[in-house]
Amino acid sequence: MRVGCPIHEGARRHPEAEALRFAGRGWTFGELDGEVARWTATLEARGMGQGDRVALLSTSHPAVTFLFWALGRVGAVFAPLNARLTRAELEPLVDAVAPRLTLALEPLRDRLPGAESLEAFPDREAASSSRPPEWEADTPRVILFTSGTTGRPKGAVLTEAAFRASCRASALNLGPHPAPRWLGTLPLFHVGGLAMLTRTAYEGGCLLLHERFDADAVNRAIDVEGASHASFVATTLERVLDARADRRLPDTFRCALIGGGPVPTALLTRARAAGLRALQTYGLTEACSQVTTERPDEADGRTAGPPLPGLEVRIVGTDGATLAVGQEGDVEVRGSTLMAGYWNQPDATRDAFHDGWLRTRDVGVTDARGRLTLLSRRTDLIVRGGENLYPAEIEAVLANHPAIAESAVVGVPEPHWGEVPVAFVVLRPGHVLPEDLDAWCRQSLARFKVPAHFVALETLPRNAMSKVERPVLRKRAMSQAVFQAGS
């Protein structure tokens, strides 16, 4: 089935409606369609076509939206890279994608050797493309990188059909809105950010795009620019409420989706007292964002809600058998929003799917109403402020330090970020705990991945199978005053 570009359709149906707003400037659907057509013509002039990959390193910027829709019109695949990563972390991702074109926002180009300037890319003299702005629904649109517990990057391939299905499912859950104005504070290199970009286009709404999260800017968008929906994590929700001193939100604001892990009950109560309807949600990159979300008329903050319309969730045991209500086990998902597979990793793709179900490798439980409570984001995963951290990646960096023989990284609860990583290290003979471990890590890791604390041990605790006993380390970290809440 062929589908049309929603920007082109929007320009035909309501050309004067606002489609995008960034830093005080707005684009109507008609203006956005013209901009996308110019970018499309430039891509065509470069010979970009079906299946070609374009790697991009950028923070959220209007040019990212122009590029995204233009790539769809020529059939090319968008591969956004996390702008927080270091040059060393980016290199294997680019190698995996093998892009025909590499672009970067000008301030970030030094981290991506050979990248062209995103801002200077479109040909100002390019004529509007004559290419019919439509493509097959099963066309791969995006490769989004996510890491397994081993830390090896995997590129989830998301199709046009998956994005459209995700939009439909979310809209059915949230209820009708004539033209939603989504507050885009999540970066466009994350599935959540792309979900908002596509959702507003499909629904004829407007994306209020922010380069980075700023609580005051968020409140201006809510109070002045008519934001109707937003996506937050617990830490950003708290900062929004702090910045507005719990002043009530206007009636134009409908609801906020809260992801990235459990939300404190007190924070949800505070939000609702300010008139901010906060709906907890569970999702993952491989399912094109949301999987379960609280229903607006049933939200109580106790779960991540039931599956979105058209999606199924089940809990299975270690033998793969479906478990009864209330039994803890592995979360599996089935539905039309699932990825096509992992880019160029057939073994990983086969391992992720069975009988049409996606193995999330998260642990959870459902109640009698089908609502999901997530118990663990995989065995060792650390979620810091909504960002996933994988111990194996951090440990690999520490292993290269000349003073360290081995290490183990665990997540410890922290009231502001949800969790922070703590590194336990075994030193080589004759060494003391180095003072440069923080700086050492920052050479290879993004700031949010660097451990909050480093602790020296004589040996790491291990079980009979010689595996590190991370729960023991976690308990030890939390029992020491330096790691306790508020430290």
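The values are calculated or read from the model by the stated rules, or taken from the named source; none is laboratory data. Only a predicted model underlies this, so the values are computations on that prediction, with no experimental measurement involved. No Cβ is skipped: glycine too gets one built from the backbone with ideal geometry, and neighbour counts run over all protein chains shown.
Computed quantities for the displayed model
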{"item": "Conditions (1) modelled with pLDDT of 90 or more; (2) touching a Gly at 6+ places or on another chain (Cβ under 9 Å); (3) surrounded by fewer than 22 Cβ atoms within 10 Å (Cβ to Cβ): number failed by D380", "result": "(1)"}
{"item": "R270 vs. criteria surrounded by fewer than 17 Cβ atoms within 10 Å (Cβ to Cβ) and either over 13 Å from G370 (Cβ atoms) or β-branched (V, I, T) (or both)", "result": "no"}
{"item": "Considering residues of the stretch 76-107 that are part of a loop (DSSP other than H, G, I, E, B) and either touching a helix residue (DSSP H, G or I) at 6+ places or on another chain (Cβ under 9 Å) or modelled with pLDDT under 95 (or both) only, the residue farthest from L197 (Cα to Cα)", "result": "T86"}
{"item": "Strands (runs of 3 or more DSSP E) contained in the stretch 13-68 and holding at least 1 residues surrounded by 15 or more Cβ atoms within 10 Å (Cβ to Cβ) and among the hydroxyl-bearing types (S, T, Y)", "result": "25-28"}
{"item": "Verdict on V224 being in contact with a strand residue (DSSP E or B) (Cβ under 7 Å, 6 or more places away or on another chain) and free of Cβ contacts under 8 Å to residues at least 40 places away in the same chain", "result": "no"}
{"item": "Residues that are without any contact (Cβ under 8 Å) to a residue 60 or more places away in the chain and either in the same structural domain as T86 (by TED's automatic domain parsing) or within 28 Å of the chain's Cα centre (by Cα) (or both), drawn from the stretch 455-479", "result": "P471"}
{"item": "Strands (runs of 3 or more DSSP E) within the stretch 173-267 that include 3 or more residues under 17 Å from the mean Cα position of the chain (by Cα), modelled with pLDDT of 95 or more and outside the structural domain of G283 (by TED's automatic domain parsing)", "result": "none"}
{"item": "Any hit, the stretch 88-111, residues being more than 24 Å from D33 (Cα to Cα), touching a residue at least 60 places away in the same chain (Cβ under 8 Å) and not hydrophobic (A, V, I, L, M, F, W, C)", "result": "yes"}
{"item": "Residues satisfying the stated conditions in the stretch 329-357, i.e. in a loop (DSSP other than H, G, I, E, B) and either surrounded by 14 or more Cβ atoms within 10 Å (Cβ to Cβ) or under 18 Å from the mean Cα position of the chain (by Cα) (or both)", "result": "S336, T337, L338, M339, A340, W343, N344, Q345"}
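Per-residue answers, yes or no, for (1) over 17 Å from the mean Cα position of the chain (by Cα); (2) assigned by TED's automatic domain parsing to the domain that holds V233; (3) of a type in the set (D, E, K, R):
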position	(1), (2), (3)
R371	yes, yes, yes
A392	yes, no, no
S407	yes, no, no
V410	yes, no, no
W417	no, no, no
V426	yes, no, no
